[in-house]
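Structure record follows, encoded as structure tokens.
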Amino acid sequence: MNSYQSKLSDTDFSRLSQYIYSNYGIKMPDSKRQMLQARLQKRLRANELTSFEDYCDLLFAGESNGQELIHMIDVVSTNKTDFFREPNHFEFLKTVALGSLTRSSTSPLKVWSAGCSSGEEPYTIAMVINEFLGAGSIVDFSILGTDISTSILRKAVNAIYTEERVSGIPLEVKKKYFLRSKDSEKQLVRIVPKVRSKVKFQRLNFMDPDYPSVPMDFDIVFCRNVLIYFDKPTQERVINRLCAHLKPGGYFFLGHSESIMDMKVPLKQIKPTIYQKVN
Ligand SMILES: C[S@@+](CC[C@H](N)C(=O)[O-])C[C@H]1O[C@@H](n2cnc3c(N)ncnc32)[C@H](O)[C@@H]1O
């Protein structure tokens, strides 16, 4: 058997799935076994290993000084995202949330894109806020994007995307917020510096008991299409931790298939998947 076809034994699957669940919150039922096996093949190859048993030994015996754990979560996490994904959230931001937050205050707006993947979500938020505020506004804004995957955060910082990824964005928005690569063969675009400068990125694991490196006074938190991978008690714990960083009256956005039903969290629903923090 060569390394490309290594199979995950029951024991190794159980070691890996338990580790992933308890350290990253991501559920790994038996139905995900094939996916896990397929995704980890490239880590076996990168480490020149031929069995998952050796891979688990490397991972858990600490021989790689934790480096392999970082690579492992990079391949295990699902990073699917898009610019202007779930567009009604951005419509709400533009027509309701930003108006209400800036009506009686000129303090800088602070937004957290929690589970930001390769940056499409925080850059979309930045474009929407920039459009809302308009030129010469006295209100400033900043966005923090966090994710557990270091490789995906590298992509987010680079802010370089294929033209195909931005093909659905209206032309006038593209012209204003994206630069085309000088080498037209490459068909790449990059977010303009003015928007890039508003977004900072940091690695953060939602499973950490608290998030001391993250500010406590966000006006808006986006945490979309992340909690879906966690079980309900974990979702509730994470939402409560995120809410601790949101100002009373601040807005909280979940993904379209997520909800806070039956959870004890300090949020009231404004619209499906859109909430406001209660005092
Ligand atoms: C499907 S993407 C969602 C991206 C974006 N929020 C959106 O809705 O388009 C989920 C992201 O959550 C991140 N993630 C998964 N488990 C995490 C954890 N325990 N802590 C922090 N981020 C995590 C993944 O790395 C991934 O980039």
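Odds and ends about this structure:
- Segment 147-260 shape via C-alpha gyration tensor axes, a/c threshold 1.5: prolate
- Computed 3J(HN,Hα) for segment 101-109, one whole-Hz value per residue from the Karplus formula 6.51 cos²θ - 1.76 cosθ + 1.60 where θ = phi - 60°, is 6, 9, 4, 10, 8, 10, 5, x, 7, glycine and proline marked x.
- Charged side chains reduced to their Cβ positions (Lys and Arg at +1, Asp and Glu at -1) give the chain a dipole of some 920 debye around its Cα centre.
- Rolling a 1.4 Å probe over the heavy atoms of the protein chains gives segment 1-90 an accessible area of 53 Å² per residue.
- Mean Cα-pair separation over length for the chain, i.e. relative contact order, pairs under 8 Å, 6 or more apart, %: 16
- Note on residue 100 and residue 194: with the Förster distance fixed at 25 Å, the Cβ-Cβ geometry gives a FRET efficiency of about 0.50.
- Solvent-accessible area assigned to carbon and sulfur over segment 61-145 amounts to 51 percent, based on a 1.4 Å probe.
- Computed from Cα atoms, the angle from the helix 10-24 axis to the main principal axis of the chain rounds to 20 degrees.
- On a per residue basis, the convex hull of the C-alpha atoms belonging to the chain measures out at 150 Å³.
- Computed over the chain, the per-residue total of -39500 (n - 2.57) for DSSP H runs of n ≥ 4 gives a 222 nm mean residue ellipticity of -11000 deg cm²/dmol, rounded to 500.
- Dipole of the chain computed with +1 at Lys/Arg Cβ and -1 at Asp/Glu Cβ about the Cα centre; of 37, 13, 184, farthest Cα towards the positive end is 184.
- Over segment 6-76 - Rg/Rh using Cα atoms and the Kirkwood inverse-distance radius: 0.91
- For segment 6-76, the relative contact order is 35 percent, taking Cα pairs closer than 8 Å that sit 6 or more residues apart in sequence and dividing their mean separation by the residue count.
- Modelled spin-label separation between residue 91 and residue 45, with each label point placed 7 Å from Cα along the Cα-to-Cβ direction: 4.3 nm.
- For the residue pairs 94/277; 80/247; 42/232; 42/186; 198/232; 7/42, the alpha carbons lie more than 23 Å apart in 80/247; 42/232; 42/186; 198/232.
- Inter-site label distance for residue 228 and residue 167 at 7 Å from Cα along Cβ, in nm: 2.2
- Relative contact order computed over segment 75-146 (Cα-Cα under 8 Å; 6+ residues apart), in percent: 43
- Folded to 0 to 90 degrees: helix 33-46 orientation relative to the chain principal axis, Cα: 80
- Label-point gap, in nm, between residue 259 and residue 213 - each point 7 angstrom along Cα→Cβ: 3.5
- The distance linking segment 1-55 with segment 60-100 is 22 Å (Cα centroid to Cα centroid, whole angstrom).
- Surface accessible to a 1.4 Å probe, per residue, for the residues of segment 178-279, Å²: 53
- Among 109, 58, 242, the largest mean-square fluctuation in a Gaussian network model of the chain, built with springs joining Cα atoms closer than 10 Å, belongs to 58.
The values are calculated or read from the model by the stated rules, or taken from the named source; none is laboratory data. Here the structure is a predicted model, which is why all the values come from computation and not from measurement. Because the Cβ atoms are built from the backbone with ideal geometry, glycine has one as well, and the counts that use them run over all protein chains shown. Note: areas computed on protein heavy atoms with side chains; ligands, DNA, RNA excluded. Shrake-Rupley method; radii C 1.70, N 1.55, O 1.52, S 1.80 Å.
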